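Asker: I have a structure here, written as structure tokens, and I will follow up with some questions on it.
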Amino acid sequence: MRKTVKVGPNPKKEYLCILKSTGIQKEPTYRSIWKLALPAMLGGVVEPVLSLTDLAVVGNIGTDGFSGHHENLSAVAAVGIAGSLISALVWIFAQMKSAISAVVSQAYGSMRMRVMASLIPQMIYFNAIVGVLAMLTTFFTSAWVFEHLLSATGPVLEDATAYFNIRVLGFPLTLITFSVFGVFRGVQNTWWAMVISIVGGSINILLDFVFVLGWWNWVEPMGVEGAAWASFIAQIVMFLMTLYFLLYKSKIKLIHSLKINPEFVGLLLIAGNLVLRTITLNLALMLTHKFANIYGTVEAATHAVMLNLWMFSAFFLDAFATSANALAGKFLGAKNKAAMQRNLNRNLLLSLVVSFVLAGLLMIFDSQVMGLIIKNEQVWGMYPIVLPLFALCLPINALAFTLDGVFKGMGKAKFLRNILFISTFFGFLPVLLIGHQIAPGLQIVWYAIIMWMLLRGFIPYFYFKKWIKRF
């Protein structure tokens, strides 16, 4: 008697059907890119807006009766360098955000999200420990760093230390918040991070005005320290909102286990390479502040404003890096070569368009922008000298940031680390040091930044072209 053998479904065909139904294999359209990039842009731009608001409010100290000595120039320089150190800490230690985003997005693309159940809680605990250690270390060494490494003296040193030592109290909360943002990005959701950032940013801006300048007879003016307390309270609110979305709104299953997740070591390796990269990046940015301080208080204040504007524009452009990051990891997990190529091309095109728009607006409305940020005629006189260099840098940034996003999504942290080393030690530093000897001035700092970004953009671009042919 002949037996009938029941043949089950083709596993490969069934897997491809699942991918198709979930949109994993769908190639990136401009609409899908904007769906990821727009929330990232609106949410990401909050951070530089906060820094600019701190500068703008502090920059008005002494112009409305708060002080008769017009100390706003030193206060702006203090907030600028202290804010840069805070940003450096966040960028260095928050690389777990990019690492977890790469791991989660690749798991999402290959339909392996169950592996993430215990990895995400372990990542949160790890960030909490690192955040507390970093907070305690920098709290007790900040004055030494500002004085000996960043050449701050007098009122600038005092204000910078006071501002930093308050803001750093919320650093562990920020670290956890940003790492969970990476989880949201990995599952192709950038809306929650946007909502959290906007709410936190709005609270920060409101409290800036209340705490820095005072509010009737209810709140005494606190000056620079008031700006720091406003940021700290906003960090607490953002942390609580992040936990709410993760625990009650997301469909991500979390398992708290003492057994180390098999993906955890790989996650730390990605994060470790990105940390080394970011340390180098922030050392370069701190060097720009150091040289600006050497050139004078006016140059230091002007550079603080310009670099914050640079960060402001960078977060606009970084939205497309976020989109490229999430999509690159997803399409790499799905092994879709055509989608990988279009992901880069379309995100890059949109990023370049936005960079030219930003550069044009800042060139046209330069006096209005400076009038909002600081009331000081000496800075207004210095600002137009470096503005053209600033505008030239933006399209170059668009290329560099988009490529950063693609390679972070692919998990190629070692490559990104090496590119940053090369661009810093063979591009940025030679231009800065040689230029300082030949023609010292704030323009040299921006020539060095332009060379730095050129190497960070074009080397990865040509490498990707070579890599995609072998994919």
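The values are calculated or read from the model by the stated rules, or taken from the named source; none is laboratory data. Just so it is clear, the model here is predicted, and its values are computed rather than measured. The protein model used for the area step is the full one, side chains on, heavy atoms only, and it has no ligands, DNA or RNA in it. Shrake-Rupley method; radii C 1.70, N 1.55, O 1.52, S 1.80 Å.
Asker: Skip the ligands, DNA and RNA, and give the accessible area per residue of the chain with a 1.4 Å probe, whole Å². List each step's numbers first, then the result.
Answerer: On the way: 20820 Å² over 471 residues.
I get 44 Å² per residue for the chain.
Asker: Right, here's the next one. How big is the gap, in Å, between the Cα center of segment 257-277 and the Cα center of segment 325-403?
Answerer: 31 Å
Asker: When a/c is below 1.5 the answer is rounded, else prolate if a/b is larger than b/c, else oblate, so apply that to segment 349-441 with a ≥ b ≥ c taken from the square roots of the Cα gyration tensor eigenvalues. All intermediate terms of the calculation are to be shown ahead of the outcome.
Answerer: Values: a/c = 2.91, a/b = 1.38, b/c = 2.11.
Cα axes put segment 349-441 in the oblate bin.
Asker: Using a 1.4 angstrom probe on heavy atoms only, work out the carbon and sulfur share of the accessible area of the chain in %.
Answerer: Working: 14220 of 20820 Å².
Using a 1.4 Å probe with all protein chains present, the chain comes out at 68 percent carbon and sulfur.
Asker: If every alpha-carbon in segment 213-254 counts as one equal scatterer, what log10 I(q)/I(0) does Debye give at q = 0.26, 0.32, 0.34, 0.35 1/Å?
Answerer: The calculated log intensity ratios at q = 0.26, 0.32, 0.34, 0.35 Å⁻¹ are -0.86, -1.00, -1.04, -1.06.
Asker: Once the Cα atoms of helix 11-22 and of the chain are each reduced to a long axis, what angle between those two axes, in degrees from 0 to 90 to the nearest 10, is obtained?
Answerer: 40 degrees
Asker: Once you have the Cα-Cα distance between Trp380 and Ile294, take 0.36 nm times their residue separation minus that, and quote the gain in nm to one decimal. Before the final figure, lay out each step's value.
Answerer: On the way: separation 86, 0.36 × 86 = 30.96 nm, distance 1.92 nm.
Difference between extended and current length: 29.0 nm.
Asker: By how many degrees, 0 to 90 and rounded to 10, does the Cα axis of helix 377-409 deviate from the longest principal axis of the chain?
Answerer: Its long axis makes an angle of about 10 degrees.
Asker: If you don't mind, another one. Give me the three principal axis extents of the chain from the C-alpha atoms, as integers in angstrom, largest value leading.
Answerer: 106, 49, 36
Asker: Sticking with this one: How much solvent-accessible surface does Trp215 expose, in Å² to the nearest 10, with a 1.4 Å probe and all protein chains in place?
Answerer: For Trp215, solvent-accessible area is about 130 Å².
Asker: Once the whole set of protein chains is in place, how much accessible area is left on Lys337, using a 1.4 Å probe, in Å² to the nearest 10?
Answerer: 80 Å²
Asker: Sticking with this structure for a sec: Tell me the angle of helix 191-213 to the major Cα principal axis of the chain, expressed in degrees between 0 and 90 and rounded to the nearest ten.
Answerer: The answer is roughly 10 degrees.
Asker: Here's a follow-up. Too long at a 19 Å Cα-Cα cut-off: which of Lys259/Lys408; Lys97/Lys469; Lys35/Lys469; Lys97/Lys259; Lys337/Lys469?
Answerer: On the way: Lys259/Lys408 27 Å; Lys97/Lys469 29 Å; Lys35/Lys469 28 Å; Lys97/Lys259 22 Å; Lys337/Lys469 9 Å.
Over 19 Å Cα-Cα: Lys259/Lys408; Lys97/Lys469; Lys35/Lys469; Lys97/Lys259.
Asker: Turning to a different aspect of this structure: Starting from 0.36 nm per residue, how many nanometres of slack lie between Leu268 and Ile468 once their C-alpha separation is accounted for? Can you show the working numbers first?
Answerer: On the way: separation 200, 0.36 × 200 = 72.00 nm, distance 2.61 nm.
Once the chain is fully extended between Leu268 and Ile468, it gains 69.4 nm.
Asker: Which sequence of Ile196, Ile396 reflects their accessible areas, 1.4 Å probe, from the largest down? It would help to have the intermediate numbers written out before the result.
Answerer: Working: Ile196 0, Ile396 25 Å².
My answer, sorted largest first, is Ile396, Ile196.
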